[in-house]
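Taking it in order: structure first as structure tokens, then the write-up.
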Amino acid sequence: MPISFEPTENTRLAREHFRKIAQEQMRPVSRKYDEQEHDLPREWVDWYWKNGRGAAPRVDGPADGMVQVCVQAEELCWGDAGLYLRTPSAALGGAAVAAAGTPEQKERFLASFRSDGHPVWGAMAITEPSAGSDAAAIQTTATADGDEYVLNGTKIFCTAGEGASQVEGGFVVVWATLDKSAGRAGIKSFVVPAGTPGMKLVGCEKKLGIRASDTATLVFEDCRVPKENLLGSAEVKKRDAGAKGGKSSTKGFKGAMATFDATRPIVAAMAVGVGQAALDYVVEALAAEGVTVRYDAPPEQLTAVERDLMRMEAELQAARLLTWRAAAMMNRGQANNLEASMAKAKAGLAVTEITQKAVELLGPPGYSCRHLVEKWMRDAKINDIYEGTQQINQLIVARRILDYPSSMLR
Amino acid sequence: MIDFEPSEEQQLIVETVRQFAANEIRPVARDCEESGKLPDGVLAHAHELGLVSNALPEAQGGGGERSAVTAALVAEELAWGDLAIALAVLSPGLVALPLADFGSDAQRAEHLPRYLGESYVPGSLALVEPRFGSDPFRPAATARRDGDGFVLDGRKCLVPWQDGDDVVLVVAAEEDGGAAGFLVPRGQEGLGATPERNMGIRALPTVELGLDGVRVPASARVALDVAALVTRGRVALAAMGVGVARAAFETARDYAKEREAFGAPIATKQAIAFKLADMAIEIDAARLLAWEAAWRLDRGEDALREATLAYDQVRRVALQAADGAVQVLGGHGYIRDYLPEMHLRNARGFAAFEALALT
């Protein structure tokens with residue numbers, strides 16, 4: 001494969017398909033569920049469950065694999081990032097089960113997402129009140145008791161956590177430690193089906209943006225799950241002082257962290273979608289006022305607005321291309337830890353700045369809730385925070401380019 | 001299918017040029033900059049690699065393998081070695097490529113073989129003008145019809161002017177408002193060349209060109225498309241800016257791992273490490289923008305917008321990377337024993353360059 005920026009016919013069709021959905025199903029209720037923060041966005045959830053789960057139309061021919069997945073996320077977040085996160089799907093919880101689950105676990109936990117029953121959600125619960133970026137510091141415990149594990153602890157910022165914990169058929173993948181003295185090696189993930197006794201929904205956060213998304217606080221009090229709900233191995237390989245096996249002892253945690261290499265490009269693509277929405281709006285609004293970018297004018301003759309627009313266009317495309325590169329590397333089976341973090345760091349910050357600039361360029365209409373631009377600015381900011389903050393991704397990039405282990409660069 | 005991996009052939013070319021840049025260009029870069037002289041031997045060897053001739057038409061003896069993407073890959077590696085030497089290596093393309101694209105059969109037959117011979121022959125293109133708001137699309141220099149020829153007037157600057165060739169391609173506005181190129185013998189009456197001194201790229205001889213009633217025959221006119229010329233220039237320069245930025249970044253990265261302060265390499269401090277991470281991210285992103293514009297050119301599409309955005313982005317990124325490298329090296333970044341101060345002076349030049357290299 002040579003260097004190519006041309007999507008396959010299938011990706012092109014997928015882009016059209018999801019753009020249409022974004023335009024027709026998401027945009028009309030975008031403002032409504034920004035304002036009705038904790039209400040279930042019934043129109044979107046029901047429509048998607050009934051009509052949206054089908055695959056995009058495709059032709060017989062090559063696909064862009066992970067790049068196409070990114071294009072889908074971009075288009076739906078062009079529609080509405082909050083509603084996208086509220087889409088009834090296995091989401092990050094599904095990614096964890098797909099990555100680390102046995103065939104039996106995949107069937108057991110994911111079948112309901114393919115069924116004709118009611119809408120269901122999956123979620124991943126990692127963050128705790130005192131452990132965010134430092135995921136190895138989590139305090140939630142899992143204790144073996146007979147044929148079960150008993151979970152105790154508090155999880156916050158759990159995206160889709162309300163649906164996943166409350167609606168039968170869904171599940172929450174919970175990170176907990178089997179042995180605090182083992183550090184990262186003791187951390188495992190457990191599938192807790194919705195409605196399991198001991199898993200309590202405390203409530204949902206009130207947020208700056210992505211208000212249609214249910215960001216839940218979940219408390220686990222002697223919450224019992226069967227041993228078959230552990231994802232991966234139960235073995236805790238303690239670091240043996242002086243032994244060479246130090247590296248492999250953290251493999252479980254590293255494996256869990258590695259799922260971020262697959263999800264960060266998607267989050268980056270989501271950011272790009274929000275940025276594109278804002279940019280499209282600004283370009284159109286300014287064109288209506290007769291302001292367009294003259295690409296053939298010397299820089300000295302460009303207006304400040306033209307320069308801003310050029311910068312926004314370049315930054316957005318830069319973020320998109322880094323995202324596609326990280327995704328294309330996955331298609332090739334190449335390690336993309338560095339590139340996934342680069343894409344996420346770039347997209348999160350670029351889109352934060354692009355949407356803030358969009359509000360500025362539009363002036364009072366940009367600030368007004370009569371238009372969606374101010375909402376996109378609020379929605380965009382989360383992309384610079386979740387799935388690894390800007391700083392965590394910088395840290396990962398720095399370690400990779402310096403070839404430093406985490407012990408040398410903290 | 002979207003993919004970002006160069007072909008095997010391109011990877012071979014990149015590897016060859018990377019070795020050449022590391023082993024032959026980089027070791028002489030500082031001396032060339034200080035002395036203001038190009039390394040003849042290096043240019044001769046570069047000519048043997050066929051980096052320009054490969055892209056020229058087969059009809060005149062070229063390789064017939066024109067690819068803007070490949071050219072961008074090559075330009076980045078050369079500029080990583082040294083920007084001034086890279087511009088010299090690619091300079092034959094300043095005349096040869098516009099003639100390949102826009103020249104008449106007679107012009108191609110007359111001029112192209114010169115750049116395809118045994119020895120290196122430099123090229124010279126006069127587009128930029130020495131004034132605030134220099135506009136490559138609407139040059140202030142004029143070409144007035146006079147009998148069966150043209151009379152050229154105006155001023156140009158940043159015109160590469162190495163010994164070894166006797167023609168310069170001058171871009172001037174015509175009476176209908178458009179612009180065209182004119183092949184002018186360097187010794188032509190009315191043409192005055194004054195050597196320039198610039199902040200950077202000092203190894204590359206450039207001149208300010210005064211055109212004072214320079215008379216050329218009708219056969220000297222090249223029906224070039226200025227927008228296409230500028231687009232190809234912006235793609236090449238964007239790739240070269242990425243090369244300069246990468247050179248600065250790598251210098252800073254390596255230094256930061258060596259230099260100790262407070263008992264540990266400074267690269268172990270987040271203030272340094274995050275700056276390096278940002279440089280790496282921006283450089284990779286800028287490279288992809290340059291590639292996308294190049295890829296559009298290879299498909300025969302208009303790429304002015306993409307090339308302009310890529311070049312605009314690269315200007316910022318290269319400057320920030322070079323400035324960041326100076327900062328990471330601290331006092332050592334400011335002295336001329338190290339490369340970053342040169343990278344900084346060279347990177348700022350992209351604000352003034354236009355079509356100083358072509359793809």
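Test of understanding: among B:Leu211, B:Leu204, B:Leu191, which residue is crowded, with 19+ Cβ neighbours inside 10 Å, in contact with a helix residue (DSSP H, G or I) (Cβ under 7 Å, 6 or more places away or on another chain) and not polar (S, T, N, Q)?
Working: B:Leu211 fails: in contact with a helix residue (DSSP H, G or I) (Cβ under 7 Å, 6 or more places away or on another chain); B:Leu191 fails: in contact with a helix residue (DSSP H, G or I) (Cβ under 7 Å, 6 or more places away or on another chain).
It is B:Leu204.
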State whether the residues of region B:197-207 include one that is modelled with pLDDT of 95 or more, more than 22 Å from B:Arg131 (Cα to Cα), touching an Asp or Glu at 6+ places or on another chain (Cβ under 9 Å) and outside the structural domain of B:Ile283 (by TED's automatic domain parsing). yes
So which residues in region B:1-54 are in contact with a strand residue (DSSP E or B) (Cβ under 9 Å, 6 or more places away or on another chain) and open to solvent by 30 Å² or more (accessible area, probe 1.4 Å)? B:Met1
Of B:Ala286, B:Ala220, B:Ala294, B:Ala252, which residue is within 30 Å of B:Lys156 (Cα to Cα) and more than 9 Å from chain A (Cβ to nearest Cβ)? B:Ala220
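Anything in region B:265-283 that is open to solvent by 10 Å² or more (accessible area, probe 1.4 Å) and either assigned to a helix (DSSP H, G or I) or within 7 Å of another protein chain (Cβ to nearest Cβ) (or both)? List them, or say none.
Quick first cut of region B:265-283, residues open to solvent by 10 Å² or more (accessible area, probe 1.4 Å) only: B:265-266, B:268-272, B:274-275, B:278-279, B:282.
The answer is B:Ile266, B:Thr268, B:Gln270, B:Ala271, B:Ile272, B:Phe274, B:Lys275, B:Asp278, B:Met279, B:Glu282.
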Are any residues in region B:290-307 part of a helix (DSSP H, G or I) and either open to solvent by 10 Å² or more (accessible area, probe 1.4 Å) or not assigned by TED's automatic domain parsing to the domain that holds B:Gly324 (or both), and if so, which ones? B:Trp291, B:Glu292, B:Trp295, B:Arg296, B:Leu297, B:Asp298, B:Leu304, B:Arg305, B:Glu306
Can you pull out every residue in region B:222-245 that is charged (D, E, K, R) and surrounded by 23 or more Cβ atoms within 10 Å (Cβ to Cβ)? B:Arg232, B:Arg234
What pairs come up if the first residue lies in region B:1-29 and is within 14 Å of chain A (Cβ to nearest Cβ), the second is of a type in the set (Phe, Trp, Tyr), and their beta carbons are under 6 Å apart, counting only those six or more places apart or on different chains? B:Ile2/A:Trp324
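Taking the residues in region A:140-168 that are part of a loop (DSSP other than H, G, I, E, B) and more than 19 Å from A:Ser213 (Cα to Cα) as candidates, determine which candidate is least open to solvent (accessible area, probe 1.4 Å).
At the first step, the residues of region A:140-168 found to be part of a loop (DSSP other than H, G, I, E, B) are A:140, A:146-147, A:160, A:167-168.
Okay, now just the ones that are also more than 19 Å from A:Ser213 (Cα to Cα), so A:140, A:146-147.
Values: A:Thr140: 1, A:Gly146: 57, A:Asp147: 124 Å².
Result: A:Thr140.
In region B:98-111, which residues are aliphatic (A, V, I, L, M) and open to solvent by 10 Å² or more (accessible area, probe 1.4 Å)? Spell out the reasoning first.
So in region B:98-111, the residues aliphatic (A, V, I, L, M) come out as B:99-100, B:106, B:109.
B:Ala100, B:Ala106, B:Ala109, listed by residue number.
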Filter region B:314-356 for residues that are aromatic (Phe, Trp, Tyr) and away from chain A (no Cβ under 14 Å); the one that is least open to solvent (accessible area, probe 1.4 Å) is B:Tyr338
In region A:111-139, the residues that are part of a loop (DSSP other than H, G, I, E, B), closer than 30 Å to A:Ser181 by Cβ and open to solvent by 20 Å² or more (accessible area, probe 1.4 Å): A:Ile126, A:Thr127, A:Pro129, A:Ser130, A:Gly132, A:Ser133, A:Asp134, A:Gln139
So B:Pro130, is it in contact with an Asp or Glu (Cβ under 8 Å, 6 or more places away or on another chain), open to solvent by 10 Å² or more (accessible area, probe 1.4 Å) and within 24 Å of B:Pro195 (Cβ to Cβ): yes
Top-ranked residue in region A:281-293 [being in contact (Cβ under 8 Å) with a residue 12 or more places away in the chain and part of a helix (DSSP H, G or I); ranked as nearest to the other protein chains (Cβ to nearest Cβ)]: A:Val283
How many residues does region A:189-210 hold that are farther than 17 Å from A:Glu221 by Cα and open to solvent by 20 Å² or more (accessible area, probe 1.4 Å)? 5
Entirely in region A:1-77, the helices (runs of 4 or more DSSP H) that have 1 or more residues that are in contact with a helix residue (DSSP H, G or I) (Cβ under 9 Å, 6 or more places away or on another chain), open to solvent by less than 30 Å² (accessible area, probe 1.4 Å) and within 14 Å of another protein chain (Cβ to nearest Cβ): A:9-21
Going by the structure shown, is B:Pro130 of a type outside the set (Ser, Thr, Tyr), in contact with a Cys (Cβ under 6 Å, 6 or more places away or on another chain) and in contact (Cβ under 8 Å) with a residue 12 or more places away in the chain? yes
In the list A:Gln301, A:Gln317, which residue meets the criterion of being at pLDDT below 95, within 22 Å of B:Glu306 (Cα to Cα) and within 10 Å of chain B (Cβ to nearest Cβ)? A:Gln301
Cβ-Cβ distance below 7 Å, separation of 6 or more or different chains: which pairs start in region A:343-360 with a residue that is within 15 Å of A:Leu321 (Cα to Cα) and open to solvent by 10 Å² or more (accessible area, probe 1.4 Å) and end on one that is among the β-branched types (Val, Ile, Thr) and in a helix (DSSP H, G or I)? A:Lys346/B:Ile281
Using the structure shown, decide if A:Arg307 is closer than 19 Å to B:Arg316 by Cβ, charged (D, E, K, R), assigned by TED's automatic domain parsing to the domain that holds A:Thr389 and open to solvent by 60 Å² or more (accessible area, probe 1.4 Å). yes
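From A:Arg378, A:Arg311, A:Arg370, grab the single residue that is charged (D, E, K, R), within 14 Å of chain B (Cβ to nearest Cβ) and over 15 Å from the mean Cα position of the chain (by Cα). Write out each step before concluding.
Working: A:Arg378 fails: within 14 Å of chain B (Cβ to nearest Cβ); A:Arg370 fails: within 14 Å of chain B (Cβ to nearest Cβ).
Of the residues listed, the single one that is charged (D, E, K, R), within 14 Å of chain B (Cβ to nearest Cβ) and over 15 Å from the mean Cα position of the chain (by Cα) is A:Arg311.
Within region B:215-237, is even one residue among the charged types (D, E, K, R), under 23 Å from B:Ala86 (Cβ atoms) and under 19 Å from the mean Cα position of the chain (by Cα)? Explain how you work it out, then say what you get.
Going through region B:215-237, the residues among the charged types (D, E, K, R) turn out to be B:215, B:221, B:225, B:232, B:234.
Filter once more, so that each one left must be under 23 Å from B:Ala86 (Cβ atoms): B:232, B:234.
In the following step, the residues that additionally are under 19 Å from the mean Cα position of the chain (by Cα) were identified as B:232, B:234.
Checked against the condition, which is being among the charged types (D, E, K, R), under 23 Å from B:Ala86 (Cβ atoms) and under 19 Å from the mean Cα position of the chain (by Cα), region B:215-237 yields at least one hit.
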Looking at region A:385-394, which of the residues that are open to solvent by less than 30 Å² (accessible area, probe 1.4 Å) and without any contact (Cβ under 8 Å) to a residue 60 or more places away in the chain is nearest to the other protein chains (Cβ to nearest Cβ)? A:Gln394
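The values are calculated or read from the model by the stated rules, or taken from the named source; none is laboratory data. All values reported here derive from a predicted model rather than from experimental measurement. All Cβ positions, even for glycine, are placed from backbone atoms using ideal geometry, and neighbour counts span all protein chains on display. Side chains included, ligands, DNA and RNA excluded: accessible areas come from the protein's heavy atoms. Shrake-Rupley method; radii C 1.70, N 1.55, O 1.52, S 1.80 Å.
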